[in-house]
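The values are calculated or read from the model by the stated rules, or taken from the named source; none is laboratory data. Bear in mind that the values here come from a model prediction, so they are computed numbers and not experimental data. In this analysis, Cβ positions are derived from the backbone assuming ideal geometry, glycine residues included, and neighbour counts consider all displayed protein chains.
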């Protein structure tokens, strides 16, 4: 089977969850599949691998006016003169700039979340996403909750939609290296904090209350440097000595930060899936996570769920884990078993079923 992966997402992000999603799928395709990736030349990006992967990389140049003109023709020529059984674009608009409904190959579209529709309905890509969804022959959602949100907003047949869960890539065996971690006890926060639905400010308020009841606990943050607004709030809450920002870490360091923590705090108001709780469980710590959107699908009964708008709920759970190490150990064991139920092999098997169904019916 010949599949075109339109690599629009690589123009938008060098690393990220969507990049990893497609890298894991392409890497695990059967040996007789021929994946083709179209994207931009970028020395800082590790492209997906497969024995038969064909890559068409466009190198931008000056003058930009001529480069932009040739760029579109370059990608259009590949889509026009190469034969493919289907296209699985990495984003909701295409490098060819050809509308989805006018593309000559059947399309499979993956919907990772409905965040823009819920929180940013006026965002410029909402309309592109809608057109891609309506034109696709099959749609993959990464959780049942994302599927539910999709069907509530778009009039499409439910049988066009398949749910394929994601998986963790962190190898827990890497967590025993010499990397530094905060002195225990500490909780961990991992991920983006810039967007309001990530609910990080609420976490800081809850953590300030926790520190008034426990004189030793700290918060370790993995991600971007603190913004001026965050630093102001941290200072106002008198948390300067209780928070450590480890920046962006590699997987080996992150695995150790997970394992040595009391637990991960994941206060997001909405997620399409939620990789950090899964990583936490696979690395022998407790996922303390919101009871909203898709997150309960990931955590199940192997972690502790809370109302992300209720500060007291979160504080009570954090205190409970600090005061009950035996119960924490029980949850760690359940989390390890829970994490084993998610795998990229399962994700790819279901994705292949979608590919074959679309290719057969085309």
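Which condition number in (1) outside any loop (DSSP other than H, G, I, E, B); (2) touching a residue at least 12 places away in the same chain (Cβ under 8 Å); (3) farther than 22 Å from residue 165 by Cβ is the one that residue 32 fails?
(1)
Does residue 314 qualify as being part of a helix (DSSP H, G or I), under 16 Å from residue 203 (Cα atoms) and touching a helix residue (DSSP H, G or I) at 6+ places or on another chain (Cβ under 9 Å)? Let's see the steps before the verdict.
On the way: part of a helix (DSSP H, G or I): yes; under 16 Å from residue 203 (Cα atoms): yes; touching a helix residue (DSSP H, G or I) at 6+ places or on another chain (Cβ under 9 Å): yes.
Considered against the rule, which asks whether it is part of a helix (DSSP H, G or I), under 16 Å from residue 203 (Cα atoms) and touching a helix residue (DSSP H, G or I) at 6+ places or on another chain (Cβ under 9 Å), residue 314 comes out as yes.
Taking the stretch 186-200 as the search range and keeping residues that are surrounded by fewer than 16 Cβ atoms within 10 Å (Cβ to Cβ) and closer than 22 Å to residue 244 by Cβ, which one is nearest to the chain's Cα centre (by Cα)?
Step one: filter the stretch 186-200 for residues surrounded by fewer than 16 Cβ atoms within 10 Å (Cβ to Cβ), giving 192, 194-196.
Filter again for closer than 22 Å to residue 244 by Cβ, leaving 192, 194.
Values: 192: 11, 194: 15 Å.
Of everything passing the filter in the stretch 186-200, 192 is nearest to the chain's Cα centre (by Cα).
Report the residue count in the stretch 299-321 for those that are free of Cβ contacts under 8 Å to residues at least 60 places away in the same chain, surrounded by 18 or more Cβ atoms within 10 Å (Cβ to Cβ) and under 23 Å from residue 144 (Cα atoms).
Within the stretch 299-321, residues that are free of Cβ contacts under 8 Å to residues at least 60 places away in the same chain, surrounded by 18 or more Cβ atoms within 10 Å (Cβ to Cβ) and under 23 Å from residue 144 (Cα atoms) number 6.
Within the stretch 270-293, identify whether any single residue is surrounded by fewer than 24 Cβ atoms within 10 Å (Cβ to Cβ), touching a helix residue (DSSP H, G or I) at 6+ places or on another chain (Cβ under 6 Å) and more than 25 Å from residue 329 (Cβ to Cβ), and answer yes or no.
Checked the stretch 270-293: at least one residue is surrounded by fewer than 24 Cβ atoms within 10 Å (Cβ to Cβ), touching a helix residue (DSSP H, G or I) at 6+ places or on another chain (Cβ under 6 Å) and more than 25 Å from residue 329 (Cβ to Cβ).
Please give the helices (runs of 4 or more DSSP H) falling wholly within the stretch 175-285 in which 2 or more residues are at pLDDT 95 or above and farther than 24 Å from residue 299 by Cβ.
Per the criteria, 200-211, 228-236.
Listed residues 296, 267; which is without any contact (Cβ under 8 Å) to a residue 60 or more places away in the chain and in contact with a strand residue (DSSP E or B) (Cβ under 8 Å, 6 or more places away or on another chain)?
296
If you take the residues of the stretch 35-47 that are crowded, with 19+ Cβ neighbours inside 10 Å and without any contact (Cβ under 8 Å) to a residue 40 or more places away in the chain, which of them is nearest to residue 75 (Cα to Cα)?
Restricting to residues being crowded, with 19+ Cβ neighbours inside 10 Å and without any contact (Cβ under 8 Å) to a residue 40 or more places away in the chain, the top hit is 37.
Going by what's in this entry, would residue 120 be described as more than 21 Å from residue 1 (Cβ to Cβ) and in contact with a helix residue (DSSP H, G or I) (Cβ under 6 Å, 6 or more places away or on another chain)?
Spelling it out, it is not the case that residue 120 is more than 21 Å from residue 1 (Cβ to Cβ) and in contact with a helix residue (DSSP H, G or I) (Cβ under 6 Å, 6 or more places away or on another chain).
Please note which helices (runs of 4 or more DSSP H) are completely contained in the stretch 56-172 and include at least 3 residues that are under 29 Å from residue 41 (Cα atoms) and without any contact (Cβ under 8 Å) to a residue 40 or more places away in the chain.
64-81, 125-135
So that you can scan it fast, the table gives a plain yes or no per residue for (1) modelled with pLDDT of 95 or more; (2) within 19 Å of the chain's Cα centre (by Cα); (3) exposed (fewer than 14 other Cβ atoms within 10 Å of the Cβ):
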| position | (1), (2), (3) |
| --- | --- |
| 78 | no, no, no |
| 101 | no, no, yes |
| 116 | no, yes, no |
| 131 | no, no, no |
| 159 | yes, no, yes |
| 165 | yes, yes, no |
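Residue 180 is checked against (1) under 30 Å from residue 258 (Cβ atoms); (2) over 19 Å from the mean Cα position of the chain (by Cα); (3) in contact (Cβ under 8 Å) with a residue 40 or more places away in the chain and fails just one. What number does that condition carry?
Single failed check for residue 180: (3).
Select from the stretch 3-33 the residues that are surrounded by 17 or more Cβ atoms within 10 Å (Cβ to Cβ) and more than 28 Å from residue 274 (Cβ to Cβ) and write down the one among them that is farthest from the chain's Cα centre (by Cα).
Only one residue tops the list, namely 33.
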